[in-house]
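To start, the structure under review is shown below, and the notes come after it.
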Amino acid sequence: MGYAVRGPGQGTRPIEILERLRALILTGEYGPDERLIEEQLAERLGVSRTPVRQALTMLEAEGLVEIAPNRGATVCSFSIEDVWDIYDLRAVLEGHAARRAAGRIERRELKRLQELAVEMEGLPGRFDDHEEEIRVLVALNQEFHDTIVQASCNRRLEHLINRTVEIPLMFKAFFWYTPHERTISNHFHRQILKSLERGDADRAEIIMREHVYEGRDFVIGALKEDMNG
């Protein structure tokens, strides 16, 4: 991915540096555990080191980068064990959220879930840039799940789920998804929505768990292929 180089600090806002660095990581130009050297990044992006340092700090808060004393910044990595742990927690927590939401969700929230399902199904072919399409898909998917969690009316549960969901991992999952996997994900969303509309708590929880586990199995398979080159 090439970027036009500008003179240090010329016409470049800090948010632009953040977005460009994020894109370099999410698209794999900087791989897991790779060091991110401020001076080299500044030269590549045509800016001073100050906005690069600020961007790296923000990326650390997003979970994309780790910053350690005497080592500097490195790209975060996810092991197979990490994926198991993250998705197992998500299945339990989001399954419980769906169960609670079935008896508490409001009509406006159901309407928004319906709109989000339609938007996700209509994404293919709308964007020339695959990365931009995935970014939009991740945002829509996150709002779909967040709406259900909020409808559960349990702030502690919401807090736990927010700490468990790894957006970078979600981005990579959707980046790897084929049209077939996207169809499966959309089907689960429709079934979850139908269960919530019917107020069927048992089915809402079961389908949400199956949805999360389906994602887990796919991501683990993709990670293994990635590790094997």
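The values are calculated or read from the model by the stated rules, or taken from the named source; none is laboratory data. Source: prediction; values computed, not measured. Here the Cβ positions follow ideal geometry from the backbone for every residue, glycine too, while neighbour counts run over all protein chains shown.
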- For the range 85-98, does any single residue satisfy the condition of being in the same structural domain as I206 (by TED's automatic domain parsing), of a type in the set (V, I, T) and within 14 Å of E166 (Cα to Cα)? yes
- Regarding M58, is this residue closer than 18 Å to H211 by Cβ, surrounded by 14 or more Cβ atoms within 10 Å (Cβ to Cβ) and either in contact (Cβ under 8 Å) with a residue 12 or more places away in the chain or under 21 Å from the mean Cα position of the chain (by Cα) (or both)? no
- Item | Pair list, Cβ under 7 Å, 6 or more apart: the range 181-205 residue within 18 Å of R99 (Cβ to Cβ), other residue assigned to a helix (DSSP H, G or I) and of a type in the set (V, I, T) | F188/I207; Q191/I207; I192/I207; S195/I207; A204/I192
- Of all residues in the range 116-131 being part of a helix (DSSP H, G or I) and aliphatic (A, V, I, L, M), which is surrounded by the fewest Cβ atoms within 10 Å (Cβ to Cβ)? V118
- Answer yes or no: is there a residue in the range 126-136 that is in the same structural domain as D217 (by TED's automatic domain parsing), touching an Asp or Glu at 6+ places or on another chain (Cβ under 6 Å) and at pLDDT below 95. yes
- Inspect the range 65-78 for any residue being part of a helix (DSSP H, G or I), touching a strand residue (DSSP E or B) at 6+ places or on another chain (Cβ under 9 Å) and among the polar types (S, T, N, Q) and give the result as yes or no. no
- Note on the structure: The helices (runs of 4 or more DSSP H) lying entirely within the range 154-229 that contain at least 3 residues which are over 30 Å from D129 (Cβ atoms) and in the same structural domain as F144 (by TED's automatic domain parsing) are 155-164, 179-198, 201-227
